[in-house]
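Following: one structure in C-alpha cells, then a few remarks.
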Amino acid sequence: MDKDPLLAHDWIKMNMKFPGFCLICKQRVNSAEVGYWSRSAKSILHQDCYNLSGLHFKKNQNSFKNKAVHSQKNGDSLLAEFITERENKEKCFICSKQINFHDNLIMTLLKLERNISTLDTIYCSTCLSRSDLHIFEEYKHAFSNKLKSG
Ligand SMILES: [Zn+2]
Ligand SMILES: [Zn+2]
C-alpha cells in the first residue's frame, strides 16, 4: 500500500498489546499504554499524537455528540466575521425570530458550513429542534457527504 498510512480510516483506540513506535513522533509506545492502532496501516500512534494529528476530525463526522467540530483557523475567522456581520440582523427562515448566534446548536451548524460566506438560509434553534423538521439531519447528511467526496 503506497497510501499515506495516516490516511487509514480504521484507527482504533486501544490498550497496546505490544510495544512499538509511533508513526508520527517515532517515539516508543509502551505496551498497555492507550494509543491508536490501524490494521490497514499496520501502525500505531500515541493517543496524543493521534489527537494532534487531526485524524479524529474525520472519525467524528457522524458523531454529533461531539460538539467540538474543529474547523481550520481559516474557517474560524470566516465564522467570526460571519457572526459579526450578521448578528442582530439574521432572522430565522421559518419563524422570522432573530437568530442567537451564541446558541450551541447554531454554532455547531455554522461550524459545519463550509461556504459560510454564501450561506443565506438560517434557522433558529427552536425550529431546528422541532421534531417534524429534518433540517438538522440534512445538515449532518450533507456534511458527511462533503467529507466523503473530499
Ligand atoms: Zn507519538
Ligand atoms: Zn425559527
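Being at pLDDT below 80, among the β-branched types (Val, Ile, Thr) and touching a Leu at 6+ places or on another chain (Cβ under 8 Å) is a condition met by no residue of the range 74-92. So in the range 103-145, with the set limited to residues that are surrounded by 13 or more Cβ atoms within 10 Å (Cβ to Cβ) and more than 21 Å from ARG86 (Cβ to Cβ), which one is modelled with the lowest pLDDT? Among those that are surrounded by 13 or more Cβ atoms within 10 Å (Cβ to Cβ) and more than 21 Å from ARG86 (Cβ to Cβ), it is LEU133. Look at ASP10 and say whether it is at pLDDT below 90, more than 16 Å from ligand 2 (Cβ to nearest atom), among the acidic types (Asp, Glu) and under 17 Å from the mean Cα position of the chain (by Cα). When the stated conditions are applied, ASP10 passes them.
The values are calculated or read from the model by the stated rules, or taken from the named source; none is laboratory data. Please read all numbers here as calculations on a predicted model, not as lab measurements. With ideal geometry, Cβ positions are generated from the backbone for all residues, glycine too; neighbour counts draw on all protein chains shown.
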